[in-house]
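The values are calculated or read from the model by the stated rules, or taken from the named source; none is laboratory data. Quick caveat, the model's predicted, so the values are computed rather than measured. In this analysis, Cβ positions are derived from the backbone assuming ideal geometry, glycine residues included, and neighbour counts consider all displayed protein chains.
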Amino acid sequence: MSSVLTKFLRYVAIDTQSDPFSTSFPSTEKQRDLSNLLVVELQEMGISDAHLDAFGYVYATIPATSTKADVPVICFCSHVDTSPDVTGTNVKPLVHSNWQGEDLVLPDDPAQVIRLSEHPDLAGQLGNDIVTASGTTLLGADNKAGVAEIMAAAEFLMKHPEIPHGNIRILFTPDEEVGRGTEHVDIEKLGAVFGYTVDGETVGTLENETFSADGATIQIQGVSTHPGFGKGKLENALKIASDIIAALPKDRLSPETTDEKEGFIHPVHLEGGQDQARIDFILRDFTTIGLRQKNEWLKKTMEQVLLRYPGSTATIQTTEQYRNMKEILDKNPEVVTHAMEAMQRVGLNAQLRSIRGGTDGSRLSFMGLPCPNIFAGEHAFHSRLEWVSVQDMEKAVEVLVELAKVWEEHA
């Protein structure tokens with residue numbers, strides 16, 4: 001069994017699901033279970049400075065082997081938490097060896113079937129070994145595939161000091177899935193000049209562009225009275241909220257009707273009663289101007305709905321979440337070109353892609369660490385149909401090792 005697969009199977013068995021409603025950091029203490037294990041394993045490799053800080057971040061350094069003094073310090077980063085969307089408790093990973101195109105029926109819930117017709121990236125996996133969960137949980141390849149790949153690359157580099165490279169910093173973050181993965185990263189302590197998150201999808205892809213993202217909250221104050229005497233008086237805040245949601249376009253501006261470079265307005269949470277209600281939205285676009293337009297559209301929709309409820313009021317508050325990392329990466333082209341070169345060297349047809357989402361790299365880039373996203377091989381993430389190819393994970397390890405060499409050679 002390959003080193004990266006052994007590590008991956010061990011890591012996915014540890015429940016690290018994050019919690020978007022928690023006020024603690026990390027949002028769940030169980031994320032530390034994996035982080036503590038990673039520190040132990042790094043130290044066993046001979047990486048003596050590996051440690052877990054008070055916020056649940058793992059920091060470590062693969063020491064330089066190059067005789068050059070000016071090799072830039074790079075960072076490899078992945079997140080340990082898994083999505084709150086599907087349970088990560090009692091994950092039972094299954095390895096489907098030498099896959100030949102058949103449907104993958106997940107045994108703990110046979111209604112969960114991974115079909116080639118529905119997962120086109122499987123077309124390139126004939127003869128490979130596919131890892132899935134058993135049908136009742138997610139797998140956790142997002143992002144434990146990336147964690148395992150960084151760990152396997154670190155192990156390889158520590159065993160082969162003859163490979164010249166500069167200092168390589170390792171960063172494992174909690175709470176990426178709930179948008180807080182970089183909240184307490186100490187950039188000065190990290191000490192890297194450039195970084196790479198290992199959290200992408202298809203083998204051979206490098207993502208240099210993300211959504212720009214805002215959150216928006218509408219707070220509604222209705223008119224409450226006894227429903228038995230409500231005629232002409234009652235203005236139900238929940239109905240107002242429902243009308244606002246119902247006014248969203250049915251054929252555009254939603255996740256289910258957009259792709260490629262199209263953005264959206266997406267309600268993610270509704271709570272309240274007849275007196276007060278609250279709707280939480282996420283706004284996504286590839287430009288800040290596009291985000292601003294979506295916020296204005298949502299505000300106007302809210303105001304138009306309120307015209308039917310003269311006694312009620314509502315406010316909208318928008319919060320910046322992250323911005324398109326391409327703004328930073330375009331100013332630091334070598335961080336992208338070196339990664340593309342590393343992929344080509346290991347026989348991949350390197351491709352640049354945009355992410356319809358965000359990564360820790362989005363925020364790290366604006367914190368001073370230009371940080372594109374390298375493929376990890378994860379597919380159908382945030383679902384019970386999540387899968388990853390062993391061969392893709394092994395290829396990601398090769399890319400990370402080669403990337404360390406590329407930076408040293410160009411120094």
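Observations on the structure shown:
- Exactly one residue among 61, 16 is surrounded by 18 or more Cβ atoms within 10 Å (Cβ to Cβ), of a type in the set (S, T, N, Q) and touching a helix residue (DSSP H, G or I) at 6+ places or on another chain (Cβ under 7 Å), and that residue is 16.
- Among the residues making up the stretch 375-388, those that are surrounded by 24 or more Cβ atoms within 10 Å (Cβ to Cβ) and either charged (D, E, K, R) or not in a loop (DSSP other than H, G, I, E, B) (or both) are 375, 378, 379, 386, 387, 388.
- Selection of first residues in the stretch 146-161 that are in contact (Cβ under 8 Å) with a residue 40 or more places away in the chain and surrounded by fewer than 24 Cβ atoms within 10 Å (Cβ to Cβ) and of second residues that are among the small types (Gly, Ala, Ser) and not in a helix (DSSP H, G or I), restricted to Cβ pairs under 6 Å at least 6 apart or on distinct chains, gives the following pairs, ordered by first then second residue: 158/46.
- Residue within the stretch 79-87 that is within 17 Å of the chain's Cα centre (by Cα) and part of a strand (DSSP E or B) present: yes
- Here the stretch 268-306 is the region considered, the condition is being of a type in the set (Val, Ile, Thr) and closer than 30 Å to residue 228 by Cα, and the residue that is surrounded by the fewest Cβ atoms within 10 Å (Cβ to Cβ) is 305.
Per-residue answers, yes or no, for (1) out of contact with any Lys or Arg (no Cβ under 6 Å at 6 or more places or on another chain); (2) modelled with pLDDT under 95; (3) crowded, with 19+ Cβ neighbours inside 10 Å:
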site	(1), (2), (3)
38	yes, no, yes
46	yes, no, no
57	yes, no, yes
75	no, no, yes
81	yes, no, yes
95	yes, no, no
100	yes, no, no
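- Number of the condition not met by residue 14 [criteria: (1) of a type in the set (A, V, I, L, M); (2) over 19 Å from residue 397 (Cα atoms); (3) part of a strand (DSSP E or B)]: (3)
- First in the stretch 284-295 and within 19 Å of residue 268 (Cα to Cα) and touching a residue at least 60 places away in the same chain (Cβ under 8 Å), second anywhere and part of a helix (DSSP H, G or I) and not basic (Lys, Arg), Cβ under 7 Å, 6 or more apart: 285/291
- Total residues in the stretch 227-252, condition without any contact (Cβ under 8 Å) to a residue 60 or more places away in the chain and over 11 Å from residue 311 (Cα atoms): 17
- The set of residues in the stretch 206-226 being surrounded by fewer than 20 Cβ atoms within 10 Å (Cβ to Cβ), more than 17 Å from residue 366 (Cβ to Cβ) and in contact (Cβ under 8 Å) with a residue 12 or more places away in the chain consists of 217, 219, 221, 223, 224.
- Residues that are closer than 27 Å to residue 401 by Cβ, out of contact with any strand residue (DSSP E or B) (no Cβ under 9 Å at 6 or more places or on another chain) and not hydrophobic (A, V, I, L, M, F, W, C), drawn from the stretch 100-156: 127, 155
- All of 355, 279, 374, 289 fail the test of being β-branched (Val, Ile, Thr) and within 21 Å of residue 403 (Cα to Cα), apart from 374.
- Residues in the stretch 244-259 include at least one that is at positive phi, surrounded by 15 or more Cβ atoms within 10 Å (Cβ to Cβ) and not assigned by TED's automatic domain parsing to the domain that holds residue 378.
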